[in-house]
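Chemist: Handing you a structure now.
The values are calculated or read from the model by the stated rules, or taken from the named source; none is laboratory data. Every value quoted in this text rests on a predicted model; they were computed, and no experiment measured them. Reconstructed Cβ throughout: ideal geometry from the backbone, glycine too, with neighbour counts over all protein chains shown. For the accessible areas, the whole protein counts, side chains as well, though only heavy atoms, and no ligand, DNA or RNA atoms are used. Shrake-Rupley method; radii C 1.70, N 1.55, O 1.52, S 1.80 Å.
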Amino acid sequence: MSSRCWCGPITPLAARSELTFADIVNEKLIGSHRNSAVSHILERQARALGKTLNVGLRVSSFVSMAELVAQQLGIAVLPVNEVASSTLHSGVRVIPLAEPWAKRELLVGVRDYGQASPSVKTLIGSLLPTEQAAGSDKTDAGWAG
């Protein structure tokens with residue numbers, strides 16, 4: 001999973017195809033709650049640059065963050081590729097962060113995928129890369145068993 005910078009279409013960042021954290025550290029940030037993994041990572045990276053994050057708003061969901069970006073209230077760093085297609089239709093730009101820490105591997109463990117509930121299988125399918133999830137009707141769904 002990769003973290004990406006979400007920004008409105010009229011910000012100078014919107015024209016970029018890739019960003020570094022130094023490019024965005026001084027921007028007004030729409031952040032997740034203080035104890036989230038994303039908040040801790042961003043704060044640590046800001047300190048490494050000798051900066052303090054400029055958090056304008058903190059919200060509890062990634063969907064809310066994306067909606068506030070769409071309203072031009074700041075930028076957000078989200079560890080997801082897609083939040084809501086309606087947000088993307090509002091002109092929000094989703095720009096990759098060229099930082100080693102922006103790429104994270106997430107693991108989900110289940111005892112027996114074949115016995116997992118439909119909601120667990122849906123969750124796992126949503127976390128798999130699109131091409132892997134599309135061809136994955138097998139009992140292991142791309143996971144070690």
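Chemist: Where in the range 52-135 are the helices (runs of 4 or more DSSP H), entirely inside, with at least 2 residues that are at pLDDT 85 or above?
Modeler: Details: elements: 62-70, 85-88, 118-127, 130-134.
Here the list reads 62-70, 118-127.
Chemist: Answer yes if at least one residue in the range 11-22 is open to solvent by 90 Å² or more (accessible area, probe 1.4 Å), out of contact with any Ser or Thr (no Cβ under 8 Å at 6 or more places or on another chain), among the acidic types (Asp, Glu) and closer than 20 Å to Arg104 by Cβ, and no otherwise.
Modeler: The first filter runs over the range 11-22 and keeps only residues open to solvent by 90 Å² or more (accessible area, probe 1.4 Å), leaving 12, 15-18.
Right, trim to out of contact with any Ser or Thr (no Cβ under 8 Å at 6 or more places or on another chain) and you get 12, 15-18.
If we keep only those that are among the acidic types (Asp, Glu) too, we end up with 18.
Those left that are additionally closer than 20 Å to Arg104 by Cβ: 18.
Checked against the condition, which is being open to solvent by 90 Å² or more (accessible area, probe 1.4 Å), out of contact with any Ser or Thr (no Cβ under 8 Å at 6 or more places or on another chain), among the acidic types (Asp, Glu) and closer than 20 Å to Arg104 by Cβ, the range 11-22 yields at least one hit.
Chemist: Return the residues of the range 22-41 that are touching a residue at least 24 places away in the same chain (Cβ under 8 Å) and not small (Gly, Ala, Ser); say none if nothing qualifies.
Modeler: Within the range 22-41, Ile24, Val25, Asn26, Glu27, Lys28, Leu29, Ile30, His33, Arg34, Val38, Ile41 meet the criteria.
Chemist: So how many residues does the range 53-79 have that are under 11 Å from the mean Cα position of the chain (by Cα) and surrounded by 16 or more Cβ atoms within 10 Å (Cβ to Cβ)?
Modeler: So the answer is 7.
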